[in-house]
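Read-outs: derived from the displayed coordinates by stated rules, not from any lab. What you see is a predicted model; the values in this text were computed from it and never measured. Cβ atoms come from the backbone with ideal geometry, glycine included; neighbour counts cover every protein chain shown.
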Amino acid sequence: MKKSYIQLIAIFFISFIAVSCNNSVESEKNNTKTEGSHPKLILTKKGVDKIRQNLGNVPVFDKTLADTKAEVDAEIELGILVPIPKDLSGGYTHERHKKNFIMLQKAGVLFQILNDEKYANYVKDMLFAYAKLYPTLPVHPQTRSYARGKLFWQCLNDSNWLVYSAQAYDCVYDWLSKEERDTLEKDLFIPFANFISVENPQFFNRVHNHSTWGNVAVGMIALVMDNDELLENALNGLKIDDLKEGMKDNDGGLIQVKGQRLGFFGNLDEPFSPDGYYNEGPYYQRYAMYPFLIFAEALHNVKPELKIFEYKDGILLKAVDALINLTDAKGDFFPLNDGQKGMSYYTAALVSAVDIAYQYGGENPELLSISKKQDRVVLDDTGLAIAIGLKEGLEKPFTKKSINLSDGKNGDEGGVGILRNENIELVYKYASQGSSHGHYDKLSFSLYEDGNEVIQDYGLARFVNIEQKGGGNYLKENKTWAKQTIAHNTLSVNGENHYEGKFDIGSKHHPELYFYDDKNPNVQIISATETNAYPGTEMLRTFALIKDKDFQRPFTIDLFKIKSNKKNQYDLPYYYLGHIMKTNFDYKSYPQLNALGAKNGYQHLWKEAAGKPSTDNTVFSWKNNNKFYTLTTTSNTTDELILARIGAQDPDYNLRKEPSFIVRRKNTQNTTFASVIESHGSYSYVTELALNAYSSVANVKIVLDTESYTAVEIKTKKDTTKILIISNKDNSAESKHTVKIDNKEYNWKGSYYYK
């Protein structure tokens with residue numbers, strides 16, 4: 001690696017001297033190529049000078065620069081390729097144009113840092129190729145999108161192109177002649193910006209991650225060109241009088257609401273909660289953070305009077321912290337709402353987010369530890385700041401603790417709670433609908449250990465950018481399965497979806513936080529209510545993640561109380577991952593498989609086996625990642641215990657064939673499910689030895705269940721007893737309670753008692 005740094009520095013100095021001489025001669029011939037005010041968006045003149053001064057002395061920056069140079073040099077050798085657009089995501093033309101805008105941005109940066117004109121010429125030739133092509137293009141031939149682009153099948157990807165290309169243009173702006181700039185702006189940039197905005201208001205004028213990209217694309221090119229009209233459109237949306245109030249696109253996103261602020265500021269105001277949570281979920285928050293932050297950095301540099309990093313109490317910087325907290329121990333984002341598993345803070349969008357947040361958020365040393373794991377930086381002022389911090393050894397561990405993130409622009413539309421205790425993480429979703437990417441899964445949860453899924457959330461049904469699977473776009477099973485209530489670890493009533501599975505209804509309602517308490521390091525607890533998912537039915541679900549000396553590792557208590565105005569069928573699934581070890585009930589396997597139902601996601605579940613509880617406790621044990629897990633749940637003799645598997649009515653094999661354990665309680669009005677989920681033991685394939693393979697729980701019993709209080713008692717095999725009591729009506733942390741259970745009196749202050 002040291003050799004590559006030395007070679008890089010040698011190349012830099014040789015290039016710098018040679019190009020400086022060439023520029024001196026060129027300046028005498030053509031005074032239009034004199035030094036001006038660019039770059040000014042992401043790179044700045046002052047920043048470029050500082051970068052050059054530090055080259056060879058900042059290892060992670062030097063490494064990133066060397067890698068980027070090698071990548072761009074290979075593309076330059078390949079030549080300029082701008083094919084006629086025809087493909088969906090994953091197809092050749094889509095991927096080629098995507099590669100082009102990434103290479104444009106990188107080549108522009110290399111020109112500034114290395115001062116080598118071959119990169120400026122590459123940017124110039126590429127942009128002029130697009131300036132020749134763009135005026136000839138109709139809308140994209142693929143008709144799937146509500147807002148078709150020209151280079152891509154949707155305006156969203158066209159906006160991606162402009163966000164990156166604007167940065168490249170900024171880097172070569174002063175190097176180009178005025179005539180060249182005029183041609184590019186007249187034939188390419190201004191028509192491009194007008195197409196994704198004025199000509200596609202249904203895309204541009206809404207609150208959604210799509211529009212954020214569109215707003216930022218127009219805003220970035222506006223800043224390069226000093227175009228105030230385009231900048232105003234970007235910041236505050238289009239002023240279009242004939243748009244219908246409340247109009248929506250076919251994906252459920254709002255386009256225009258009376259009095260609602262739109263544009264970049266509108267997309268900052270609406271989706272973000274005061275805690276930095278983005279209502280579409282972490283997968284799309286990650287995707288949107290790049291345009292949010294890259295434009296904020298550009299505005300900070302060009303329009304400092306806006307004080308953008310202070311906007312809404314520093315919401316963009318809070319959002320970076322929230323996003324990191326929304327990752328598991330491996331750095332993967334929790335797949336809430338539409339989210340592809342495996343997306344993590346190693347993605348390029350989070351590299352830039354961490355770098356920008358570090359520089360503009362007070363140089364938090366904990367962010368350096370994330371950047372150290374990422375092992376690359378952005379090649380700009382912020383990346384240099386990170387590189388210097390790492391070189392000086394300033395990093396501190398980013399310690400993720402239990403956290404409760406509110407949802408809604410005012411923080412009053414539910415939220416997401418993450419309970420953490422040792423290596424166990426429990427994610428509790430009681431959030432709002434989450435725009436068009438929301439799922440109908442109120443009061444759902446997922447469970448992780450060491451960054452591995454124990455009880456999973458399915459995520460989305462999509463093979464992103466894999467052309468063979470629906471052109472890389474959302475599959476129909478995303479609506480028929482992934483968004484459905486039964487696809488999640490929460491309660492389905494009478495086989496129906498929460499909010500009838502309707503976006504309009506779901507957008508009006510959300511669960512409410514009942515209480516959250518992480519003060520006791522041994523008892524991390526959260527509780528939330530939902531009263532609108534099923535009219536006439538109230539749900540209160542409480543999770544406690546407890547560290548106790550009588551258990552090998554922290555265990556989970558799941559207490560789900562339901563009150564209804566009529567008798568119903570209740571289905572409570574647990575989407576465990578792993579191999580069944582043992583149950584304490586007999587079940588019948590079905591040689592001829594049938595779907596569990598006909599609609600609302602049930603049509604995608606095979607009913608593989610079913611049985612009845614043998615006692616008042618049902619015990620279900622499985623093995624995963626060389627550990628054992630046991631679910632012990634209170635049960636009635638009339639319950640049906642179903643072993644199901646995803647994959648029914650899936651002729652194209654679009655769904656993962658994963659298992660579920662479902663507790664079904666029929667013909668019941670008011671009821672409470674009480675469960676304990678325990679991680680225990682280990683298995684070694686080398687020694688072939690199973691240790692502590694059986695649960696520590698002897699019995700789980702609901703010992704009190706009234707309007708005011710619910711208590712669950714856990715007896716261990718060590719002959720000890722634990723009890724958790726929840727106050728169902730009074731969640732004040734200051735209230736005092738007295739409850740008598742089996743002639744024993746319990747006194748406490750607050751919303752719960754555990755001992």
note = Ranked from fewest to most other Cβ atoms within 10 Å of their own Cβ, TRP748, TRP481 fall in the order TRP748, TRP481
query = Among TYR754, TYR278, TYR360, TYR685, what is the fewest-to-most ranking by other Cβ atoms within 10 Å?
reply = TYR685, TYR754, TYR360, TYR278
note = Mean 1/r over distinct Cα pairs of the stretch 454-584, inverted to a Kirkwood Rh in Å, yields 17.5 Å
remark   = Applying the gyration tensor rule to the Cα atoms of the stretch 415-703 (axes a ≥ b ≥ c; rounded if a/c under 1.5, else prolate if a/b exceeds b/c, else oblate), the class is rounded
request  = Could you tell me which trypsin sites (Lys or Arg not before Pro) in the stretch 653-685 are loop residues by DSSP with no more than 12 other beta carbons within 10 angstrom of their beta carbon?
outcome  = LYS657
ask   = Which angle from 0 to 90°, rounded to the nearest 10, does the C-alpha axis of helix 92-114 make with the longest principal axis of the chain?
value = 60 degrees
ask   = What is the stretch 584-653 by shape, rounded, prolate or oblate, if you read a ≥ b ≥ c off the alpha carbon gyration tensor as root eigenvalues and call it rounded for a/c under 1.5, prolate for a/b larger than b/c, and oblate otherwise?
value = oblate
key: Helix axis angle, 209-225 relative to the chain longest principal axis, alpha carbon, degrees   = 20 degrees
task = Using only the Cα atoms of the stretch 272-400, build the gyration tensor, take square roots of its eigenvalues as a ≥ b ≥ c, and label the shape rounded, prolate or oblate: rounded if a/c is under 1.5, else prolate if a/b is larger than b/c, else oblate.
result = oblate
message = Can you pull out the trypsin sites (Lys or Arg not before Pro) in the stretch 578-626 whose DSSP state is coil and whose Cβ has at most 15 other Cβ atoms within 10 Å?
response = LYS599
task = Quickly estimate the mean residue ellipticity at 222 nm for the chain, helices only: each DSSP H run with n ≥ 4 gives -39500 (n - 2.57), and the total goes over all residues, rounded to 500.
result = -10000 deg cm²/dmol
query = Arranged by the count of other C-beta atoms within 10 angstrom, fewest first, what order do THR143, THR672, THR327 take?
reply = THR143, THR672, THR327
task = Work out Dmax and Rg for the chain from the C-alpha atoms and quote the Rg first, both in angstrom.
result = 28.5, 100
ask   = Got a sec? Charge dipole of the stretch 272-400, +1 on Cβ for Lys and Arg, -1 for Asp and Glu; which of ASN279, ALA298, PHE398 is way out at the positive end?
value = PHE398
task = Report, in degrees rounded to the nearest 10, the 0 to 90 angle that the Cα long axis of helix 348-360 makes with the longest principal axis of the chain.
result = 80 degrees
key: Rounded Å value of the spacing that divides the Cα centres of the stretch 38-107 and the stretch 257-293   = 27 Å
Percent RCO, i.e. relative contact order, over the stretch 79-270, from Cα pairs under 8 Å lying at least 6 residues apart = 18 percent
